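Everything on this sheet refers to the single structure shown next.
Values quoted throughout were computed directly from the atomic coordinates according to the rules given, and no laboratory measurement underlies them. Here the structure is a predicted model, which is why all the values come from computation and not from measurement. Here the Cβ positions follow ideal geometry from the backbone for every residue, glycine too, while neighbour counts run over all protein chains shown.
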Amino acid sequence: MENKEKLYHLISHVLGIDVTEINEETSPENTQSWDSFNALVMVTELEECFNVTFTMDEIESVRNVRDIIEVLSSYAISFD
Amino acid sequence: MDLTDLYNKSKTCSISDQVSFSRQVDDLNKKRELSFALEKRIAFVSSSTMNGIKESLLSQCSKHNILLDIFVTEYNQFAQAVLDQSSELYAFDPEVVFLHLDTRTLAGDLFLNSNNTNFHIDEWEKETISLMSTLISILTKRGIKTVISSLEVPHISSLGILESSSNGLRQSVRRINLDLMTQCNDNEYLFLFDYDLFLGKIGKIQSFDERLYYLADMRLKPSYLSEFAADLSLYMKAFYVTPKKCLVLDLDNTLWGGVIGESGLDGIQLGPDPKGRSFMEFQQYILSLHNRGIILAINSKNNYDEAINAINNHPHMVLREENFAAIEINWDDKVKNLKSLASEMNIGLDSMVFVDDDEYNREMVKEFLPEVLVVDMPKDFSMYLSTIDSLDCFVTLNLTKEDLKKGIMYAEEKQRKTLKESSTNLTNYLNLLQMKGVFKVDDNQNIKRISQLTQKTNQFNMTTKRYSEQQIEDFILDDNYHVITLDLSDKFGDYGTTGLAIVDCELEYRLDTFLLSCRILGRNAENALMSEIASLIKNKGGKVLLGSFIETDRNQVARDAFEKLGFDKNDDRVYNWKLSLERSYSFPDCIERVD
């Protein structure tokens, strides 16, 4: 599975929304189920899925899906 | 859709799985398309962020077919919720409260600074015990079953290796935990969940995520929530689900390695070598289950003589013939044998657990006797012991002396049956049993068992009045009441406390409660107990004893008991029987009265 597909699938599962509703602009502002708890669930499940460990700064810096992709890319995970 | 079936079909390992499982349960329940055994309202009261606990508990209790309605207190509102009698917690009216306080919150600044001389750790310890005791007492006095978590013994300390030997926070927390354990012994509504042990099991370093702690005040990493909830759900199971009673065991490649019919007594693996030891320790574990009250039985395809010879004469066999309450060793199929075992021991198939290394036998039992719990034994027999240990099907909240002996009693019953078959008539049989009866009046050492007898006895129970331990204690302390117990034993073993009468002596002499455990029915024990009551009342100057029979759909066996005991009809609506104490009341010959 492509990394992007993997990522969107994970987010849709955590937020309980359809995968087609997700794009790079998806954020806590426009997605009701993206609350502070689900954000942290997303962190632990992302770390497990991509085998990485985020720093607290990185967790704090995420504002939308694009930011997640950016952080993951810095761990040499390709989204091209 | 059945709740447990839904759970088994769903993936519920991650938090998001559990969230979507909870959503599904909720939807189905709203549409009234969900079936379950029980519905319970519980509350989770916590001092730290426990998001996700609701979904995890709901998922884990679904395993036991219990649908939960869960109330979780607001962040850090545990004290207010419990102390304020008009709080949402009490409006929710939970039957069970999980009270989960954590060391970091309770210790505050002291947590990282406990060796500061300005802090008085002893005072903190006293205050903490007092706070916890207050919360516990408010909840339990309302009759709420309260499961309190032990406090985490912190692994971080600026004192390093010195901490463990100094009188610091670690020792204080340990003492608080010991205090909680003691409180549980004295409070029938209080139960301890050893959270510190739970953290030890998964690892304290593993379970704590600094980032989630600083970002969201989480103390337990969400990925461990489901294990946490699974352990807590065992309390719900113990409160509300009848535990299994009987372990049915195969022999070849289950209790020993190899096939006795092929390898012979000297060839099977059992004894102090690596392979043999795993079977020997497996048997030792089963023996310890037996000693805590689990009934054992054998269901095996073998030549009877060969197998029994191995059980009785193999030098390293731990379990022997006398440990088993029923034995089926033959070439019949295992389903047929399980049915015979159930009827022989007079227990339900749904209280049996079947252990067999052979998958074909297991699948057959699952197919034809779905009520039997079939254990999927691992291929590697070194894992047998841990597999049975992790079953959690024998969980109970407390064990009385009588519970502990149940496994042994059923095995003794097998010997009684043999005697009965060889006796010519009932009187002859009762005399051969050499029964002994011990009576105690107002014995405050046996309150747990006395209460249990009123709760559990359905058949020979004249009034079926259920009493809590507190109520029994009140009767014992009240001079107007007498609580009389009978402990019966015979030459095969001890039945423990199995007869009970509560006499109300205030205005007249009234039998408030008169019951016998079904274990001692048909042994004239009712005559012995009544004779004891009669002489007690006579000594107090009583002339008439009133009895009350309240019919239920389970106590037909006791319907004629008062008449047989010499009572006459009385025209009172409640106390509808009376016994004149003018004439003498004789003690049955077949029971010896012992002081």
- Note on the structure: Along segment A:43-60, Karplus-curve 3J(HN,Hα) (6.51, -1.76, 1.60; θ = phi - 60°) to the nearest Hz, with x for Gly and Pro, reads 4, 5, 6, 5, 4, 5, 5, 9, 6, 10, 10, 7, 8, 4, 4, 4, 4, 5
- Query: Per the Kirkwood treatment, what hydrodynamic radius in Å, one decimal, follows for the protein assembly as shown from the mean inverse distance over all distinct Cα pairs?
  - Reply: 29.5
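Pairs B:LYS237/B:LYS405; B:LYS406/B:LYS456; B:LYS339/B:LYS366; B:LYS204/B:LYS275; B:LYS63/B:LYS141; B:LYS40/B:LYS204: which are spaced more than 24 Å apart, C-alpha to C-alpha?
Checking Cα-Cα distances, B:LYS204/B:LYS275; B:LYS63/B:LYS141; B:LYS40/B:LYS204 exceed 24 Å.
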- In nanometres, the difference between 0.36 nm per residue of separation and the alpha-carbon distance of B:ASN346 and B:ARG292 is 17.5 nm
- Item | Environment charge of B:SER343, counting only residues whose C-beta is closer than 13 Å and scoring Lys/Arg +1, Asp/Glu -1 | +1
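Can you give me the relative contact order of chain A as a percent, contacts being Cα pairs under 8 Å and 6 or more apart? Working shown, then result.
Details: 51 pairs, mean separation 28.1, N = 80.
The normalised contact order for chain A reaches 35 percent.
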- Item | Nearest-0.05 FRET efficiency for B:ASP553 and A:SER74, computed from C-beta distance (R0 60 Å) | 0.25
- Taking a ≥ b ≥ c as the square roots of the eigenvalues of the Cα gyration tensor of chain B, is the shape rounded (a/c under 1.5), prolate (a/b larger than b/c) or oblate? oblate
- Note on the structure: Rounded to a whole number, the mean other protein chain Cβ count within 10 angstrom for residues of A:46-54 is 1
- Query: Each residue of segment B:195-205 in turn: what ³J(HN,Hα) in whole Hz from Karplus with 6.51, -1.76, 1.60 and θ = phi - 60°, glycine and Pro shown as x?
  - Reply: 5, 4, 5, 4, 5, x, 4, 8, x, 5, 5
- Message: Using a Förster radius of 60 Å, what is the FRET efficiency between B:ASN303 and A:VAL52 based on their Cβ-Cβ separation? Nearest 0.05, please.
- Response: 0.45
- Cβ neighbours within 10 Å from other chains - mean over A:59-67: 1
- Task: Assign one of three labels to segment B:501-595, namely rounded, prolate or oblate, based on the Cα gyration tensor with a ≥ b ≥ c the square roots of its eigenvalues; rounded applies when a/c is under 1.5, prolate when it is not and a/b is larger than b/c, and oblate otherwise.
- Result: oblate
- Task: Return the distance in nm (one decimal) between the two label points of a simple spin-label model at B:ARG41 and B:GLN24, each offset 7 Å from Cα along Cα→Cβ.
- Result: 2.8
- Message: Order B:43-49, B:78-84 from most to least packed using the mean count of other Cβ atoms within 10 Å.
- Response: B:43-49, B:78-84
- Specify whether the C-alpha gyration tensor of segment B:434-594 places it in the rounded, prolate or oblate class, a ≥ b ≥ c being the square roots of the eigenvalues: rounded for a/c under 1.5, otherwise prolate if a/b is larger than b/c and oblate if not. rounded
- B:MET364/B:CYS518 FRET efficiency (R0 35 Å; Cβ-Cβ; nearest 0.05): 0.60
- With 0.36 nm assigned to each residue of separation and the Cα-Cα distance removed, B:ASP478 to B:GLU281 gains 65.9 nm
- In whole angstrom, note down how far apart the Cα centers of segment B:495-562 and segment B:365-386 are. 45
- Item | For B:CYS246, net neighbour charge (Lys/Arg +1, Asp/Glu -1) across residues whose Cβ lies under 12 Å away | +1
- Message: Suppose the chain between B:ASP217 and B:ASN313 were pulled fully straight at 0.36 nm per residue; how much longer would it get relative to their current alpha carbon spacing?
- Response: 28.4 nm
- Message: Give me, ordered by chain and number, the residues 5 or more places off B:SER150 or on other chains with an amide H under 5 Å from its own placed amide H.
- Response: B:PHE193, B:ASP194, B:TYR195, B:ASP196
- Query: So how far, in whole Å, is the C-alpha centre of segment B:151-215 from the one of segment A:13-61?
  - Reply: 32
